[in-house]
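Remarks on the structure that follows.
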Amino acid sequence: MNNINKKHGISAFFFSYSSYIGIFSPYLSLWLNFKSFSPAEIGVLMSPMQWARVFGPPFWGWLADSGKDPNFAKKLIAVSALFASLISVLLFFEWTLVSLFFVFCIISFFLSGHIPIIESLAMQTSRGNMGIYGKMRLWGSIGFIFSVLVGGLIFDFYGIQYIPMALFICLILLVFFSFFLPKKNIQKNNQNFVGFEKKLFTPRVKVFLFASLFMLVAHAPLYTLFSLWLENNGYSRVEIGAIWTLGVLSEIFFFYFQSTIFKKFQVKKIWVLSFFVAALRFSMIMFSNGNLLVILLAQLLHAFTFGAHHSASMSIVSEWFPSNAQSRGQSLYTMMSYGIGGSVGGISAGWVWENFSPESSFMMAVAAALIGGFFALKAIKL
């Protein structure tokens, strides 16, 4: 497989995976609300995707790095995606809170290793060139936009009850595109665990991981309850989809031009700045009172709070972990940020929403972003 086909395979996988997220993040809370679950229960039911990233990525990352066959990583992704799609059929039936929680846990576990492994394959294929990486990664953003817009139209005209079918279709696409992924470079030496362990216990890596955790705590109200908040403020599902789309369009803009941006400004400084931009973004939502212009301006900042933050984080992980332990480095980052940070943030946001006010959950986001910014400043000084 030549380098162009490798990039196309990774781009297609980013597209299909993000299509799934484009249904899950904006619309699942609306489906759960339709099923008469409370905001606190919705926070709990949406948390398995994050909790699975606590336990799943280390397991899948270890498997991917330990395989002797160059095709082992792509086979691992294909099989796990197939199991996730089969389990998702259970969403077509009625379940109690506890039963539905376990269904989401199983699906999320099988999907939890995909992004860390794909990110390591993307960095391997791009050879650390953030411009090439950005042009592959932006296809994830395009996939998200595609599903959030098409989903918004379908759910507005035909009903939110079609969410399980949409998720199932996205997972089948994931299985299909996994066959076009590139082979993983296999290291001949056996020192990868030692190199990984040494990097893991350095002070700057620890502080970097704590900063990443708080950044995802900050984003949790957005990922779990933002659509519900918009609906409560009178926006239709098509309008909600369009608002999400604007944020992702700004992210695409950053991914496309990030090579130029990273050449002009230091990656680590951009990473630190993203925390304080996040605090500004969630402050704007908190005080917006549902005003469309303020919401749209806040969504444009997604270019920085996700696009810049994510790419800078990938660059830091690639730099700070040895080449023969990249999957585990990516998995550790995913575990601490999207796993622990996303889970704690999602459940906390639901509890704060129900016991105080919807806007209070965004106040929590502002505080988390500022705490993360403090850790980020400390990390780059070590």
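The values are calculated or read from the model by the stated rules, or taken from the named source; none is laboratory data. Here the structure is a predicted model, which means the values were calculated and not measured. Here Cβ is always computed from backbone atoms with ideal geometry, including for glycine, and neighbour counts include all displayed protein chains.
What to note about this one:
- Residue-level check: of (1) assigned to a helix (DSSP H, G or I); (2) out of contact with any Gly (no Cβ under 9 Å at 6 or more places or on another chain); (3) modelled with pLDDT under 85, residue 139 misses just (3).
- Verdict on residue 62 being within 17 Å of the chain's Cα centre (by Cα) and modelled with pLDDT under 85: no
- On inspection, residue 77 qualifies as in contact (Cβ under 8 Å) with a residue 60 or more places away in the chain and surrounded by 18 or more Cβ atoms within 10 Å (Cβ to Cβ).
- Evaluation of residue 95 against the conditions (1) over 17 Å from residue 227 (Cβ atoms); (2) part of a helix (DSSP H, G or I) shows that the sole unmet condition is (2).
- Residue within the range 347-357 that is out of contact with any helix residue (DSSP H, G or I) (no Cβ under 8 Å at 6 or more places or on another chain) and either under 22 Å from residue 281 (Cα atoms) or surrounded by 21 or more Cβ atoms within 10 Å (Cβ to Cβ) (or both) present: yes
- Answer from 11, 25, 18 - the residue that is within 13 Å of the chain's Cα centre (by Cα) and modelled with pLDDT of 90 or more: 18
- Residue check, residue 297 closer than 30 Å to residue 136 by Cα, at pLDDT 95 or above and part of a helix (DSSP H, G or I): yes
- In the range 243-269, the residues that are within 19 Å of the chain's Cα centre (by Cα) and hydrophobic (A, V, I, L, M, F, W, C): 243, 244, 246, 248, 249, 252, 253, 254, 255
- Every listed requirement among (1) over 30 Å from residue 125 (Cβ atoms); (2) touching a residue at least 60 places away in the same chain (Cβ under 8 Å) is met by residue 356 save one, (2).
- Unique residue being under 24 Å from residue 148 (Cα atoms) and of a type in the set (A, V, I, L, M) when the list is 103, 98: 103
- Index of the failed condition, residue 335 passing every other in (1) touching a Pro at 6+ places or on another chain (Cβ under 7 Å); (2) at pLDDT 90 or above: (2)
- Selection count, the range 253-290, where residues are outside any helix (DSSP H, G or I) and loosely packed, with under 14 Cβ neighbours inside 10 Å: 4
- Residue in the range 152-170 that is in contact with a Gly (Cβ under 7 Å, 6 or more places away or on another chain) and of a type outside the set (Gly, Ala, Ser) present: no
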